[in-house]
Amino acid sequence: MNGQHGHNANSTIAVNKNNKIIAFAGKGGTGKTSLCGMLIQYLCDNGRKPILAVDADANTNLNEVLGINTESTMGGLQEELRTAGIYSPVKGISKDRYAELKLNLALTETPGYDLLVIGRPEGRGCYCNVSGILERQLTKIQNYYPYIVVDNEAGMEHISRGILPKIDVLILVSDCSRRGIQAAARIVELVNEMEINPKSMGLIVNRAPDGILNDGTMEEIERYKLNLFGVIGKDNSVYEYDCAGKPLVQIPETSPVKQAIKKIAEELNL
């Protein structure tokens, strides 16, 4: 595990009170995961390592944006623990210890970041106790990373279950349609209802023609009192790389999308 810097899993855990948890949220098709991956690369390139990247979207493809292969997710573990009831899936070790071992196996390591894919729960039923176990394990490992970047689904399911301990910066991603802005506003309502209380929360409007918002889009943003972090224009290289199956983080640094992410990150002091 990159973040542990050689510590044994059973060693004393030092609490990192200064790490930043950055979460992305938005409806599907807005380019949320692509922007999340590019921010992870930006942080790596600017010495914010090690980073824990968490793919908490049920439609898991952050690894494709980053250009790495993953073999396991935490989704299967959730079902294993739930169906085992009060017992551990493996005789002789506790549920927490089993979860710790499986979590370490699910981490995909790279020189700058570790990727953890949570995945969709595989069965029906209550996952409350399971979520508590996962929360304890993620709280352990998150202390080793100065930055944690999370790709969430619009429903914020994993956060609502308390799996992630906090959010410092919540980045909402929308396209430039009224429906997209309205979807972002609904996420804000959900965040407020769950009392997540991020220190900073705002909107990135993606794929705007010529990087400019029209009056109708701005009216919706102002109507819902959304904090606008930035506007990103359409970039043909994103489409070309996606069609060719190339990792989007490999887009040249001169790309308008990457330049926009850099500017937003700098303004947010990330």
_GLU189 paired with LEU101, simple spin-label distance in nm, labels 7 Å along Cα-to-beta-carbon_ = 4.6
*Can you pull the accessible area of GLU80 for me, 1.4 Å probe, Å² to the nearest 10?*
60
*Any idea of MET201's accessible area? Nearest 10 Å², probe 1.4 Å.*
50
*Tell me which aspartates and glutamates have Cα within less than 15 Å of LYS263's Cα, excluding those fewer than 8 residues away on the same chain?*
ASP45, GLU253
*asked:* Using the basic label-point model (7 angstrom from Cα toward the beta carbon), what is the THR83 to ASP210 distance in nanometres?
replied: 5.7
_Length released on extending from ASN227 to SER94, taking residue separation times 0.36 nm less the Cα-Cα span_ = 43.4 nm
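Here is the link list: LYS27/LYS258; LYS225/LYS262; LYS91/LYS140; LYS27/LYS95. Which ones come out longer than 32 Å on Cα distance? Please report the intermediate quantities before stating the final value.
Working: LYS27/LYS258 21 Å; LYS225/LYS262 24 Å; LYS91/LYS140 23 Å; LYS27/LYS95 34 Å.
Among LYS27/LYS258; LYS225/LYS262; LYS91/LYS140; LYS27/LYS95, the Cα-Cα distance tops 32 Å for LYS27/LYS95.
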*Among GLN142, SER200, LEU172 - extreme Cα towards positive end, dipole of the range 136-270, charges at beta-carbon*: GLN142
*How much accessible surface does ARG178 have with a 1.4 Å probe, in Å² rounded to 10?*
110
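The values are calculated or read from the model by the stated rules, or taken from the named source; none is laboratory data. None of these values were measured; they are calculated from a predicted model. All Cβ positions, even for glycine, are placed from backbone atoms using ideal geometry, and neighbour counts span all protein chains on display. Remember, those area values only see protein heavy atoms, side chains included, never the ligands or the DNA or RNA. Shrake-Rupley method; radii C 1.70, N 1.55, O 1.52, S 1.80 Å.
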